[in-house]
Structures are given as structure tokens and as C-alpha cells.
Amino acid sequence: MDHAIRRTPEREAFYKKIDGENLSALWNVMGDLITPEPKSACRPHLWKFDVIRDYMTEAGKLITAKEAERRVLVLENPGLRGQSKITTSLYAGVQMVVPGDIAPAHRHSQSALRFVLEGKGAHTTVDGECTSMEPGDFIITPSMTWHDHSNETNEPMFWLDGLDIPVVQFFDCSFAEGSKEDLQMITRPAGDSFARYGHNLLPVDVKRTSKTSPIFSYPYAHTREALEKAKARDEWDACHGLKLKFSNPETGDFAMPTIGTFIQMLPAGFKTARYRSTDATVFAAIEGKGRTRIGDQTFEWGPRDVFVVPSWQWVTHEADADSVLFSFSDRPVQQKLDLFREDRGNA
Ligand code: GTQ
């Protein structure tokens, strides 16, 4: 594998001839198709939130959320420019909803996650249930559920969007529709899904068909408590510090079928052992500060900064203060297809 095939005039003539018949010779492309290890165009990168906030504020003067449908700045991986991808399989953007804005109701095959970065008290409604948003909250919009966003507070609200747009694109299975009403009707009381599914109790006979968690909001207050309690027991993993996955209470699987979501705590002074995995991962810091080394590059992060780790590159994190990182990747898909691999170095 991976040896260049010698080119001769006879061979070139042959390639030209078959090209007209929509045929090509595998032996010229084999090495690029089947690589001994992942070779991705995806590159490591970090976006400073303060820079994004300034540009979003400027965008706010140019277009309303209603006209834009979604006022979002797409985080484009530098190795994948023009494709609206942060990794080969995932999309990310930062969305701003200012006081009085309405991002009108629509629905689509693509699943979305929101990780709230700044602001407090704006709302997102998913299939008739409204939830308020606070920094650190992780909120899910499952495939084909109606969703709209609004802000009745006095401050702009910013969150990180993560969607499986490239996955849906790959499978050519995108469907989308808008609604006649900008804001959908509220049909369930606030907190309904959590009350029904969030207390280690499940309806005894109801069989849901969705593969997405019935809990669509994972408030930071709960996440933080889970981390704080676990922290007290000193169970630190050499590669991850203290890392938890958001789970679907019905199945114990990831909260979303196509995107795995995680929260992790790194205490002040902690330096992780090197780690690599096949799921390119997007990180957003919510608390603390530190730096992450990806391959031979180092990225300094603080609250609300976003960075991306490509597939199979060595990563180490180092925290200067007690830090909390949210992250997401396509791990659920890779695991279901028996493709996921990880390497903990010698740790
Ligand atoms: O909020 O529904 O960043 O449909 C991209 C597509 C957000 C959304 C994005 C979307 C949304």
C-alpha cells in the first residue's frame, strides 16, 4: 500500500480512454482511499469567543434573526473552508438572539445541540415545550422536531450550535420545512419532559420511537452538581480528568443518536496524559482556563472559547484553574458502525 504507480505513455493513454467511460484505475488512488491510519483534511483550531461576540454584534446591525432565519456565524475548519464543517462529519456555529429577536419555527432531519455560552433567560421551544437558557446548559433539538428561539430579556444571548449537517449531507437524507407561525404553540408546561423522564422513573408501558433522549434540556446546575460530587471522590482519569457523557435515560446510550456529548472537569494544575481517538471532537470551555496541545500546536483557552481536535491527533490538556469543558463528536455513529478506536498512550 501507499506506493506510487509508475506512469508510462501506454498507461496514460489507457487511463484517458477509460475516463470517457466513467471508469478509473484503482491502483492509482488506492493509497489515498485506504490509508494505514486516519488522514484528515480537518485541522486543529481555536476560536476566541470575544472575537466572535464582536463580529456577531456587528452582524446584529446588518440582519435580524427573523430575516436570517438563524443569525449564526459558522465555525469553519481552516482545512475544510467553504463546506460549513468544523470536523469532517459535524457542523458548529455561534448563534446570537438579541432582545426582541425571534428565530422562527422550523424543523429538519438534522439534529441540533445548543451549548449556552452567554446571557440568561432567553427561550427555545422544542415540540411545544419551552425552556429557559443559562450558561452551561446543554439543550437538544431532535431530528424533525419543531423549534424556535426568542429573547425577552434585556441582554443578547449566545450559544454554540452543534449539528450533524455533514452526516445528513453524506447520506442525502435532508428534509426541512418552515412554519406559518413564527412561534409555535406551547402545548406542554415548562419542565414537563424533565419531570417525566429526569427522576430515574420512566412511563411503564409507553414505547417511544425516537432514538433521542426524552430530556431535551440538561441544565448546568445539575451537570455542575454531578461534577462537584464526583470530584470529592478523587476519581481522576489520567487522560480525561473527570469526564462524563450525557445519556438518554431510556437506553443509557448517548443523549443524541448522531452526536455524543460530554462534560469534563480538570482541576487546577492537572495535566492529562496523551490521548487520541478517531472521533474528531469540538470543545467549548465554560469555566476556568488552561491550554490544550493538539499534535505540535498549543491553544490557550478561557471561558466560552471553542476549539477542535481532529481525528487521531495526540491531545493533552492542562488546567491553570479548576476548569470545565463541554465537548461533542460523532462517537455514537462510529461505535455503532464498529469503527471507533482510541489510544491512551501508555496511561
Ligand atoms: O437553530 O435551528 O446553527 O437550523 C444551523 C441550522 C442553527 C437552528 C444552526 C439551524 C439552527
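The values are calculated or read from the model by the stated rules, or taken from the named source; none is laboratory data. Bear in mind the structure is a predicted one, so any value in this text is a computation, not a measurement. A quick note on method: Cβ atoms are made from the backbone with ideal geometry, for glycine too, and the neighbour counts reach across all protein chains shown. Keep in mind that these areas ignore ligands, DNA and RNA; they rest on the heavy atoms of the full protein, side chains included. Shrake-Rupley method; radii C 1.70, N 1.55, O 1.52, S 1.80 Å.
Confirm whether residue 174 is under 29 Å from residue 83 (Cβ atoms), part of a loop (DSSP other than H, G, I, E, B), open to solvent by 60 Å² or more (accessible area, probe 1.4 Å) and at pLDDT 95 or above.
Values: under 29 Å from residue 83 (Cβ atoms): yes; part of a loop (DSSP other than H, G, I, E, B): yes; open to solvent by 60 Å² or more (accessible area, probe 1.4 Å): yes; at pLDDT 95 or above: yes.
It is true that residue 174 is under 29 Å from residue 83 (Cβ atoms), part of a loop (DSSP other than H, G, I, E, B), open to solvent by 60 Å² or more (accessible area, probe 1.4 Å) and at pLDDT 95 or above.
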(message) Given the criteria under 30 Å from residue 87 (Cβ atoms), loosely packed, with under 15 Cβ neighbours inside 10 Å and small (Gly, Ala, Ser), does residue 143 qualify?
(response) no
(message) When you check residue 153 against the structure, is it more than 24 Å from residue 258 (Cα to Cα) and either among the polar types (S, T, N, Q) or assigned to a strand (DSSP E or B) (or both), yes or no?
(response) yes
(request) Name every residue in region 130-166 that is in contact with a His (Cβ under 6 Å, 6 or more places away or on another chain) and charged (D, E, K, R), in order of residue number. (result) none
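Condition check ((1) farther than 29 Å from residue 176 by Cα; (2) surrounded by fewer than 10 Cβ atoms within 10 Å (Cβ to Cβ)) across all residues:
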| residue | (1), (2) |
| --- | --- |
| 8 | yes, yes |
| 12 | yes, no |
| 18 | yes, no |
| 35 | yes, no |
| 44 | yes, no |
| 63 | no, no |
| 70 | no, no |
| 100 | no, no |
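Which of the residues spanning region 39-70 are assigned to a loop (DSSP other than H, G, I, E, B), more than 17 Å from residue 302 (Cβ to Cβ) and of a type outside the set (Gly, Ala, Ser)?
The first filter runs over region 39-70 and keeps only residues assigned to a loop (DSSP other than H, G, I, E, B), leaving 39-44, 48, 63-64, 69-70.
Restricting the remaining residues to those that are more than 17 Å from residue 302 (Cβ to Cβ) gives 39-44, 63-64, 69-70.
Hits for region 39-70 are 39, 42, 43, 44, 63, 64, 69, 70.
Just to be sure before I move on: is residue 49 among the aromatic types (Phe, Trp, Tyr), modelled with pLDDT of 95 or more and over 24 Å from residue 259 (Cβ atoms) in the structure I sent? It would help to see each step written out before you state the result.
On the way: among the aromatic types (Phe, Trp, Tyr): yes; modelled with pLDDT of 95 or more: yes; over 24 Å from residue 259 (Cβ atoms): no.
Considered against the rule, which asks whether it is among the aromatic types (Phe, Trp, Tyr), modelled with pLDDT of 95 or more and over 24 Å from residue 259 (Cβ atoms), residue 49 comes out as no.
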(request) Determine whether residue 108 is within 13 Å of the ligand (Cβ to nearest atom) and open to solvent by 10 Å² or more (accessible area, probe 1.4 Å). (result) yes
(request) Only strands (runs of 3 or more DSSP E) wholly contained in region 227-344 count here; list those with 1 or more residues that are open to solvent by 40 Å² or more (accessible area, probe 1.4 Å) and modelled with pLDDT of 95 or more. (result) 242-245, 281-287, 290-294, 297-301, 315-319
(message) Condition first: touching an Asp or Glu at 6+ places or on another chain (Cβ under 9 Å) and open to solvent by 30 Å² or more (accessible area, probe 1.4 Å). Now tell me which residues in region 146-166 satisfy that.
(response) 146, 155, 156
(message) Tell me whether region 35-55 contains one or more residues that are within 16 Å of the ligand (Cβ to nearest atom) and small (Gly, Ala, Ser).
(response) no
